[in-house]
């Protein structure tokens, strides 16, 4: 082997070693988890039921307010307090109670959906690839050298 | 914080807000919750402001007691064939269950009728109106008026009856026994108007 050949072979070994050192860090691959279909259905059901019952609450709330506004008075009206007024006041009270119950149930369902969403959050899967240090091999050949390496995953 | 305040305002708006003195009393002293019927004005007020029932003041009352039967009936005088409207303000309470008024139809009216209207607060006992002939028989009983609005706190009874010229008739205003609040509001005040007219 000539002197020139040896110099080239040494240079290749040095370059190869530095490349392997760069690849020495772990490779981390994180795969997000996925909820099962049943869990998704449960969450959608809870949230949907909450929204539905909350919507009913809004309906009764508005109905209650309409009825209350019809009999509310801040000054002398010149009108008698009739059975129709009594019915309106009763309706306002009844719808208010229904709205309160609906808001409570709807709110509980939505909160339950949020809690279930958090509780059923599937863990993400993390895969760490640890590249083993490459072992450079240099095989002098006639008129040069062959540089090789081996890695495992 | 603002959202909480908004929710509170929305929830509060669901309860009727009725200021004391806003409504006249309904049938049998009906009033909104937490209010009661003032007997003096028949207006719904706070319970602490309620006064007992009171007849119109003496200066307002034109009914003269005793007039509790046809014999002692109060005379409504000077009616012509086509008369002015005579108005009587009266009151029935306690043992005074009925008031009688007589009037004469002038001689010589070609055709004549009496038009009478009895107006009273619907908060207290319902009153009835009758017209009696000279024999004492009931000729007609007051019914619903053609133009009437119970929402204004008053109830009305009307009658419109042809009469014979040159005769005496009597009007009887009496408590009916309806709407007495179980006896607690077995009284009422009234305004009776009558006039003779050509039918």
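Laboratory data are not the source of any read-out in this text; all were calculated from the coordinates shown. All values reported here derive from a predicted model rather than from experimental measurement. Because the Cβ atoms are built from the backbone with ideal geometry, glycine has one as well, and the counts that use them run over all protein chains shown.
When the helices in the protein assembly as shown are scored as -39500 (n - 2.57) per DSSP H run of 4 or longer and the sum is shared across all residues, what 222 nm value do you end up with, to the nearest 500 deg cm²/dmol? Working shown, then result.
Numbers: 4 runs with 103 residues, N = 352.
Result for the protein assembly as shown: -10500 deg cm²/dmol, rounded to the nearest 500.
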task = Compute the distance in nm between two label points, each set 7 Å from the Cα along the Cα-to-Cβ direction, one at residue A:28 and one at residue B:82.
result = 10.9 nm
message = From the Cα trace of the range A:36-122, what convex hull volume per residue do you get, rounded to a whole Å³?
response = 71 Å³
inquiry  = Over the Cα atoms, compute the radius of gyration (one decimal) and Dmax (the largest Cα-Cα distance, rounded to a whole number) for the protein assembly as shown, in Å.
reply    = 47.1, 163
ask   = Once the Cα atoms of helix B:2-12 and of chain B are each reduced to a long axis, what angle between those two axes, in degrees from 0 to 90 to the nearest 10, is obtained?
value = 30 degrees
ask   = For chain B, modelled as a GNM with alpha-carbon contacts under 10 angstrom, which of B:38, B:104, B:152 fluctuates the most?
value = B:152
remark   = Cα convex hull volume per residue for chain B, in Å³, equals 144 Å³
remark   = Footprinting proxy, B:92, A:100: sorted fewest to most Cβ within 10 Å, the residues are A:100, B:92
ask   = What percent antiparallel are the DSSP beta bridges of chain B, to the nearest 5?
value = 95 percent
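By count of other Cβ within 10 Å, fewest leading, how are B:101, B:53, B:124 ordered?
On the way: B:101 24, B:53 21, B:124 29.
In order of increasing Cβ crowding within 10 Å: B:53, B:101, B:124.
Only counting other Cβ atoms within 10 Å, I'd like A:52, B:24, A:43 sorted with the fewest neighbours first. The partial results should precede the final answer.
Details: A:52 13, B:24 27, A:43 17.
So the ranking, lowest neighbour count to highest, is A:52, A:43, B:24.
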ask   = Which whole-number percentage describes the relative contact order of chain B, with Cα contacts under 8 Å and a sequence gap of 6 or more?
value = 26 percent
